[in-house]
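Heads up: the structure comes next, in structure tokens.
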Amino acid sequence: MCGIIGYIGAGEALPFLLKGLEKMEYRGYDSSGVAVVSENKIKVYKKCGRLKELENALKNEELLECSAGIGHTRWATHGKPSDINSHPHTSKSGKISVVHNGIIENYISLKNFLTQEGYKFISDTDTEVIAQLIDFYYNGDLLDSVQKAVSRLEGSYALGILCSDEPDKIIAVKKDSPLIIGTGENENYIASDVMALLLRTRKIYRLQENNIAVIKKDSITVYNPAKKVLNSENDFEFVNWDIESTNKGNYEHFMMKEIMEQPTVISKTVSSRIKNGEIYFDDFDIADEYLKNLSKIYIVACGSAANAGVVGKYIMEKLIKIPVEVELASEFRYKTPLIDESTLLIVISQSGETADSLAALREAKRLGAKVLSIVNVKGSSIANESDYVIYTSAGPEIAVATTKAYSCQLCILYLLSLFIANKLNRISSDKLYECINKISSISDKIEEVLSKKDEIMEIAKKYKDTEYAFFIGRNLDYAVCMEGSLKLKEVSYIHSEAYAAGELKHGPISLIENGTLVLALLTQDKLFDKMISNLREVKARGAKIFAITTDIHKDKISQIAESVFYIPDFSNEFSPSLSVIPFQIFSYYSALLRNCDIDKPRNLAKSVTVE
Ligand code: F6R
């Protein structure tokens, strides 16, 4: 949510900033801007709309020689998207310019204070307050004024700060929003995401909570909140990500590229954890004694990650036989969770930076629970603050709508359930062996589904003008319907809701009328006939049914559904890994046929670092 970038070096700040913003546009895309220092003056360029608007505006500017600059791509929180509300924000004196990712919760009282001091504000943003506050304290020492200003800020902030009187440095600050420093040949950088730095460097440093860094072209000095200099040299790490994975390759959209990558990334996620028919978590060294005393598991996450958690709940309760509650992180953090030392909290997050999930994690730790996170981004805040981390190997996920990260999360949840069930002797060795074999073959089975993606495109063509849809299923199918429905609405803007099929007649069925689209998932053999009854009920009221099931049910389903997509007959427990794929593909093609901006759906951003 919002991407910030900064450069200090021998020259060419602007091309670097624009390239970096392009890589981070997925974080927010309603406006963008840059500020550069040239001859002790800050020049700011900002534009409402996509990054290309800014690039066009800069075409005729001769700024290539600028040696310091900051940039921003915005997801609006305070104030609508507009040129004025875009970042960077500059103080009234023109001396201080700031880019910000996060939210300043006490900005109104700070604004009142600064107004009384004679400051005038031109934007509706909370960020402008930061620039003015630093300006207020500025007396020739940027670091000192930033330290003073930051001590008065409440909320979350990753900041990049530029000062016209001190053009030899940029200052970076981090609290509850990601910020990475990169180091290169006679130049250094900051960014919200490693991906923005990969074209220039792989040597990075993750700024820790509440620390401030003074970044010059040939030095990086990090200060803790007590203003003590930290020796950061040992904390640099090398990133070995493949730059190609941040490009679209031959695909028109990242979403389809990432859907098609699923067999590979699942195989990576799974294979390293299965050795000689046993499950190993090298990254998860939890004491057997602790597991034996486990009385409850909470799974906490947001959006699709929470939907993965619902699949996890069904499987864990079945295999481990321990109560599992799935809570949306935004709710969990403000209720009274019943937690003690015998509770394990599992946080699931692709980005590892989601503000609500991070806050839930901190709350659970405060209450005494151990926290295990399932995270895709190495070194992210959630990973850093957890007691145990299991990484998914989805690689960089760039489309705003998650696909491959969700699928990897499912596989980790399966493996974890089996791992704990085995430790607690709740699963027979035959069943364990059978499950491990199934999980090892998920990638191949997904390949089979993907090879029929054109069939789903044809089905999507039939329903592209639908304005609303219902997803129904029972048990694990219901959990997958939740994800299918989220996918469809976020990328195609078709209003959709997921219901447990048995619940339909308790209210929602009143919305079914002639032509209503119902997407039904039927992979749970024991529940198949119940589902058929539910489908008859909606069909009797005029619904058009698109069913996803396995070949073995061909006879029954073809009598009732208008369209059917068959997935391989696989396993009742692990069917979500297969059944979610047609929903992802259907959502993609529905969005494509409706001319939606698939990789950057309206109003969304990839990494939600504000509450
Ligand atoms: C939906 C989607 C979001 C994320 C949610 C959590 O396609 O991607 O719902 O799942 O914002 O994000 P992470 O997993 O980064 O915590």
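The values are calculated or read from the model by the stated rules, or taken from the named source; none is laboratory data. The structure presented is a predicted model; accordingly, all values stated were derived computationally and were not measured. Methodologically, a virtual Cβ is constructed for each residue, glycine included, from the backbone with ideal geometry; neighbour enumeration extends over all protein chains shown.
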Mind telling me which of the residues 446, 382 ends up being of a type outside the set (Asp, Glu), within 15 Å of the ligand (Cβ to nearest atom) and either under 30 Å from residue 249 (Cβ atoms) or in a loop (DSSP other than H, G, I, E, B) (or both)? 382
Does residue 374 satisfy the condition of being buried (at least 23 other Cβ atoms within 10 Å of the Cβ), of a type in the set (Val, Ile, Thr) and more than 12 Å from the ligand (Cβ to nearest atom)? no
Index of the failed condition, residue 334 passing every other in (1) surrounded by 16 or more Cβ atoms within 10 Å (Cβ to Cβ); (2) away from the ligand (no atom under 16 Å from the Cβ); (3) among the hydroxyl-bearing types (Ser, Thr, Tyr): (1)
Filter the range 591-611 down to the residues that are free of Cβ contacts under 8 Å to residues at least 12 places away in the same chain and either within 16 Å of the ligand (Cβ to nearest atom) or under 30 Å from residue 105 (Cα atoms) (or both) and list them by number. 597, 603
For the range 562-590, enumerate the residues that are within 12 Å of the ligand (Cβ to nearest atom) and of a type in the set (Gly, Ala, Ser). 587
I need the full set of residues from the range 337-355 which are more than 8 Å from the ligand (Cβ to nearest atom) and assigned to a strand (DSSP E or B), in order please. 343, 344, 345, 346, 347
Go through 468, 493 for me and flag whichever is surrounded by fewer than 22 Cβ atoms within 10 Å (Cβ to Cβ) and away from the ligand (no atom under 16 Å from the Cβ). 468
Within the range 12-30, which residues are of a type in the set (Gly, Ala, Ser) and at positive phi? 28
From the list 259, 243, 274, pick out the single residue that is out of contact with any Gly (no Cβ under 6 Å at 6 or more places or on another chain), in contact (Cβ under 8 Å) with a residue 24 or more places away in the chain and either within 16 Å of the ligand (Cβ to nearest atom) or closer than 27 Å to residue 355 by Cβ (or both). 259
Taking the stated definitions as given, is residue 258 farther than 16 Å from residue 9 by Cβ, not hydroxyl-bearing (Ser, Thr, Tyr) and not in a loop (DSSP other than H, G, I, E, B)? yes
Taking the condition within 25 Å of residue 346 (Cα to Cα), in contact with a strand residue (DSSP E or B) (Cβ under 8 Å, 6 or more places away or on another chain) and among the polar types (S, T, N, Q), does residue 485 pass? yes
Which number in (1) among the hydrophobic types (A, V, I, L, M, F, W, C); (2) under 29 Å from the mean Cα position of the chain (by Cα); (3) at pLDDT 95 or above marks the one condition that residue 13 misses? (3)
List pairs: first in the range 304-325 and at positive phi, second away from the ligand (no atom under 16 Å from the Cβ), Cβ under 9 Å, 6+ apart or cross-chain? 321/421; 321/424; 321/426
Filter pass, residue 86 being assigned by TED's automatic domain parsing to the domain that holds residue 30, surrounded by 24 or more Cβ atoms within 10 Å (Cβ to Cβ) and assigned to a loop (DSSP other than H, G, I, E, B): yes
Over the range 308-317, the set of residues out of contact with any strand residue (DSSP E or B) (no Cβ under 8 Å at 6 or more places or on another chain) and more than 16 Å from the ligand (Cβ to nearest atom) is 314, 315
Taking residue 395 and the conditions (1) more than 16 Å from the ligand (Cβ to nearest atom); (2) outside the structural domain of residue 550 (by TED's automatic domain parsing), which numbered condition does it fall short on, given that it satisfies the others? (1)
Residues that are under 23 Å from the mean Cα position of the chain (by Cα) and in a loop (DSSP other than H, G, I, E, B), drawn from the range 89-112: 105
Inspect the range 152-171 for any residue being at pLDDT 95 or above, under 29 Å from residue 208 (Cβ atoms), in contact with a Lys or Arg (Cβ under 9 Å, 6 or more places away or on another chain) and of a type in the set (Lys, Arg) and give the result as yes or no. yes
Considering only residues that are surrounded by 17 or more Cβ atoms within 10 Å (Cβ to Cβ) and in a loop (DSSP other than H, G, I, E, B), look in the range 285-307 and name the one that is farthest from the ligand (Cβ to nearest atom). 294
Within the range 213-255, residues more than 22 Å from the chain's Cα centre (by Cα), farther than 30 Å from residue 66 by Cβ and part of a helix (DSSP H, G or I) come out as 234
Can we say residue 266 is touching a residue at least 60 places away in the same chain (Cβ under 8 Å), surrounded by 22 or more Cβ atoms within 10 Å (Cβ to Cβ) and touching a Leu at 6+ places or on another chain (Cβ under 9 Å)? yes
Which is more than 16 Å from the ligand (Cβ to nearest atom) and buried (at least 23 other Cβ atoms within 10 Å of the Cβ), of 516, 550, 523? 523
Out of all the residues in the range 497-513, which are in contact with a strand residue (DSSP E or B) (Cβ under 7 Å, 6 or more places away or on another chain), among the small types (Gly, Ala, Ser) and surrounded by fewer than 22 Cβ atoms within 10 Å (Cβ to Cβ)? none
Filter result (assigned to a strand (DSSP E or B), surrounded by fewer than 24 Cβ atoms within 10 Å (Cβ to Cβ) and in contact (Cβ under 8 Å) with a residue 60 or more places away in the chain) within the range 170-186: 175, 184
